[in-house]
Amino acid sequence: MYQDKSFLCVIPARGGSKGIPRKNLVKVNNKPLLQYTIDEALESKYLDDIIVSTDDQEIANVSIKLGANVPYLRPPELASDYSKTIEAVIHVIEKQKTLGKEYDYVVVLQPTQPLRKSWHIDEAIEKIVSEGMENLVSVSEVSDHPILMRTISKEGFLISLLNSNSTVRRQDFPEIYKVNGAIYINLISSLNHSTSLNDNKLAYIMDKKYDLDIDEPMDIEYFKLTQTIDKDVK
């Protein structure tokens, strides 16, 4: 709870994945990838219930052992490569309602963004409540600025993505942010099956050093490196 508002946390973790088989259970420093998100969710001051949405019994068992709740499995039709996260989120909200549990907001934390900390979650919750907004998404400043990016026409000519002069000094580039996928918060009463979480309006800015999306094997290796460096610093 925060200022009389209740928060349901949903951690979507289906069993299938293309880039990295069994991605959510891949070990990084003897911890499954999923654990990094569960641990931070448990450290949050404001999350009322933490539910892992999965179609996979092994992931469910691991999640329960780590302290999260898995009161039911996600239906297979909501766990394919083409399923939308919002469908899994609404499934959890509706199932919780049948159990007599209702909330004001849902907080979606993807396991593939393992660098996000509990204090990021709490700051985001404080921000959306204090500003009275219906939805929020975490963002990070881009490393590769789109002022230098181009598409290529059928004729082979370069076309700028931005209507800006690329001769501007790098230090004068306008700040550009990307949705980093670490935190989504939505007022449950405003959700529907057409909701696009990536189009949430209120920005919660995270330092880009916390921006990591585990999608390919090389991302796992980078994550292992960041954990080793962090351990050495401590």
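The values are calculated or read from the model by the stated rules, or taken from the named source; none is laboratory data. Only a predicted model underlies this, so the values are computations on that prediction, with no experimental measurement involved. Virtual Cβ from ideal backbone geometry, glycine too; neighbours counted across all protein chains shown.
Some notes on this structure:
- Residue, nearest to E102 (Cα to Cα), within region 1-54, restricted to residues that are surrounded by 15 or more Cβ atoms within 10 Å (Cβ to Cβ) and of a type in the set (K, R): K5
- Residue in region 115-126 that is at pLDDT 95 or above, part of a loop (DSSP other than H, G, I, E, B) and closer than 17 Å to L187 by Cβ present: no
- Residue that is nearest to the chain's Cα centre (by Cα) [pool: residues in region 115-140 that are more than 19 Å from I50 (Cα to Cα) and of a type in the set (D, E)]: E134
- From the list G15, G100, the lone residue that is over 18 Å from the mean Cα position of the chain (by Cα) and not basic (K, R) is G100.
- A Cβ distance below 7 Å, combined with a sequence gap of six or more or placement on separate chains, defines the contacts here; from region 140-162, residues that are under 25 Å from Q113 (Cα atoms) reach residues that are surrounded by 14 or more Cβ atoms within 10 Å (Cβ to Cβ) and of a type in the set (S, T, N, Q) in the pairs S140/N180.
Each row is one residue, and each column tells you yes or no for (1) within 24 Å of I38 (Cα to Cα); (2) assigned to a helix (DSSP H, G or I); (3) of a type in the set (G, A, S); (4) at pLDDT below 95.
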residue	(1), (2), (3), (4)
S140	yes, no, yes, no
I159	no, no, no, yes
S164	no, no, yes, yes
S189	no, yes, yes, no
E221	yes, yes, no, yes
Q227	yes, yes, no, yes
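- Taking every residue in region 1-30 that is under 30 Å from S130 (Cα atoms) and pairing it with any residue that is of a type in the set (D, E) and surrounded by fewer than 19 Cβ atoms within 10 Å (Cβ to Cβ), at least 6 positions away or on another chain, the pairs with Cβ-Cβ distances below 6 Å are K5/D104; S6/D48; S6/D104; F7/D48; L8/D49.
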